[in-house]
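FYI, it's all coordinate maths here, none of it is from the lab. These numbers were taken from a predicted model, which means no experiment stands behind them. Quick reminder, even Gly has a Cβ in these numbers, built from the backbone with ideal geometry, and neighbours come from all protein chains shown.
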Amino acid sequence: MIAVNPEHAETLATKAESLPSSPSEAKQLLAALHWRYAVKKFDPTRGIDAEKWDALEEALTLTASGIGLQPWKFIVVKDPEVRARLREASYNQPQIVDADRIVVFAARKGYDASDVDRFIDRVAEVRGQTRESLEGLRNAAMSVTLRPEAARDTWTSRQPYIALGNFLTSAALLGVDACPMEGFEPPKYDEILGLTGLGYTAVAVAAVGHRSEEDRYGQLAKVRFPRNELILHV
């Protein structure tokens with residue numbers, strides 16, 4: 001039997017509970033997804049409830065990733081001076097400074113064996129296992145490091161988008177507005193936030209807060225291709 005770190009017993013107990021599946025909850029999910037949109041104009045006078053923000057940060061940490069490796073960092077930026085600089089590196093888009101805060105999604109560059117070992121150490125700590133018992137997992141994770149560096153960076157650069165999608169849905173469920181953004185200059189972001197020295201690079205941004213009543217985009221119908229064109233059943 002695998003020993004369980006007492007610190008995580010409550011989390012495991014929570015996971016064991018039945019997940020919600022009633023029709024009303026399904027309707028709530030769809031209502032939240034219909035409600036959300038990529039906000040273009042935020043209300044700078046409205047902040048995010050502290051409990052909701054704490055839940056959103058936890059949602060980020062709970063995001064799935066390839067082999068569970070989590071080759072990312074999430075930089076939450078509230079400082080007005082820093083955001084003013086980031087706005088200049090974002091083609092002057094106002095969401096960067098008008099939102100309550102922004103989240104920068106950064107990917108690990110040059111992922112290597114030391115990253116894998118850090119992950120294995122964490123698995124051993126959380127699950128109460130020995131490193132020797134995790135050799136199979138380590139070998140699977142090491143397969144990422146055997147790729148050419150460019151291929152590794154391509155793989156890690158895709159991972160934060162999983163977190164971005166999870167973040168947008170989680171925010172909608174909590175009634176928090178968000179705007180996903182790729183319109184920025186990553187090298188400048190890396191310099192301003194000190195990401196290069198940490199071995200990471202910015203790949204996406206989410207401005208987070210509450211929509212302004214003056215944002216005309218909030219009144220527009222959501223445009224999507226029909227489900228039967230997008231989803232194939234085989």
Charge dipole of the chain about the Cα centre (unit charges at C-beta), most positive-ward option of Ala172, Leu134, Tyr189:
Ala172
Residues of segment 37-63 with amide nitrogen under 19 Å from the 7 Å Cα-to-Cβ point of Tyr91?
38-42
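Net charge around Tyr217, counting only other residues with Cβ within less than 10 Å of its Cβ (Lys, Arg = +1; Asp, Glu = -1)? Intermediate results must be reported in sequence, preceding the final value.
On the way: positive: Lys40, Lys41, Arg211, Arg216; negative: Asp215.
Here the charged neighbours net out to +3.
With the cut-off at 25 Å, tell me which of the pairs Lys27/Lys52; Lys78/Lys222; Lys27/Lys78; Lys40/Lys109; Lys52/Lys109; Lys52/Lys73 have Cα atoms farther apart than that. Kindly include the intermediate steps, with their values, before the conclusion.
Working: Lys27/Lys52 21 Å; Lys78/Lys222 30 Å; Lys27/Lys78 33 Å; Lys40/Lys109 31 Å; Lys52/Lys109 31 Å; Lys52/Lys73 20 Å.
In this structure, Lys78/Lys222; Lys27/Lys78; Lys40/Lys109; Lys52/Lys109 exceed 25 Å between Cα atoms.
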Under a GNM of the chain (C-alpha, springs under 10 Å), which listed residue has the highest mean-square fluctuation: Val77, Val103, Val223?
Val223
Among [x] 18.4; [y] 17.3; [z] 20.0, the entry derived from the coordinates for Kirkwood radius over Cα pairs in Å
[z]
Cβ-derived FRET efficiency at R0 30 Å, Glu51 paired with Thr130, nearest 0.05
0.20
The chain - charge dipole about Cα centre, Lys and Arg +1 at Cβ, Asp and Glu -1, debye rounded to 20
680
Under the Karplus relation with 6.51, -1.76 and 1.60 and θ = phi - 60°, whole-Hz ³J(HN,Hα) for segment 213-230, x at Gly and Pro, equal 5, 8, 6, 5, 5, x, 9, 7, 5, 6, 9, 9, 5, x, 4, 5, 8, 9
